[in-house]
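Contents: one structure, followed by commentary.
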Amino acid sequence: DTGVSQDPRHKITKRGQNVTFRCDPISEHNRLYWYRQTLGQGPEFLTYFQNEAQLEKSRLLSDRFSAERPKGSFSTLEIQRTEQGDSAMYLCASSLQGWEKLFFGSGTQLSVL
Amino acid sequence: AQSVAQPEDQVNVAEGNPLTVKCTYSVSGNPYLFWYVQYPNRGLQFLLKYITGDNLVKGSYGFEAEFNKSQTSFHLKKPSALVSDSALYFCAVRDGGYSTLTFGKGTMLLVSP
């Protein structure tokens, strides 16, 4: 497998701007997850997809956050009107349904100035 | 609600000595328990899991973990530490009725030569 890839690796933006991140999961994986990780903390669940359906969203996910997986392959996570508190590492992971092992990408580091 | 506690921010051990990284959990149903490791500038990697069966599970790189239901613990162990084991270790739990993982805040393992 080629692994989970995320793009970009780093993003610096100004407060109030919109940003979009992309995740390409392992090709045969039907589940895709987004997590957020801040320094000194473990990953926090944001949302997950099974194929193209978004099945669960965390209460942490404000209305400024939206995620899509239009064809059940890659996914995008958009943050509108970014705030300094959005600065974090955004992690994507994928898995096969019924297979408990998650494969993580290297993440996108977001810095909001 | 499900939660994980990793009581130690850092564990220091000398190479060749046994190591233990502690984890306790709380779930309302049957726990699915995991350990992941994060090396610098790399994504989280799966180490091992407990779903059911033998309380001692073996995983990658010589690591093992012991499930203790009465103490609600899932400590990570290795008989002989290597310098290359130095990394950030995360315990995670999923309540059998839910599809998302909750991670602990992580424990930094430092193995000295």
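For region A:30-113, which strands (runs of 3 or more DSSP E) that fit wholly inside it have 2 or more residues that are open to solvent by less than 50 Å² (accessible area, probe 1.4 Å), in contact (Cβ under 8 Å) with a residue 24 or more places away in the chain and among the β-branched types (Val, Ile, Thr)? Ranges flagged: A:75-79, A:108-112. Across region B:77-89, a minimum of one residue is classified as assigned to a strand (DSSP E or B), farther than 18 Å from A:Leu91 by Cα, touching a Ser or Thr at 6+ places or on another chain (Cβ under 9 Å) and touching a residue at least 60 places away in the same chain (Cβ under 8 Å). One residue stands out among those in region A:1-29 that are closer than 20 Å to A:Trp99 by Cα and of a type in the set (Ser, Thr, Tyr): the one that is surrounded by the fewest Cβ atoms within 10 Å (Cβ to Cβ), which is A:Thr2. Within region B:49-69, the residues that satisfy the criterion of being in contact (Cβ under 8 Å) with a residue 24 or more places away in the chain and in a strand (DSSP E or B) are B:Tyr50, B:Ala65, B:Phe67. Within the set B:Lys49, B:Lys58, B:Lys22, the sole residue that is over 18 Å from B:Glu8 (Cα atoms), open to solvent by 30 Å² or more (accessible area, probe 1.4 Å) and away from every other protein chain (no Cβ under 14 Å) turns out to be B:Lys58.
The values are calculated or read from the model by the stated rules, or taken from the named source; none is laboratory data. These figures come from a predicted structure and were not determined experimentally. Neighbour counts run over all protein chains shown; Cβ positions are idealised from the backbone, glycine included. SASA here: full protein model, heavy atoms, side chains in, ligands and nucleic acids out. Shrake-Rupley method; radii C 1.70, N 1.55, O 1.52, S 1.80 Å.
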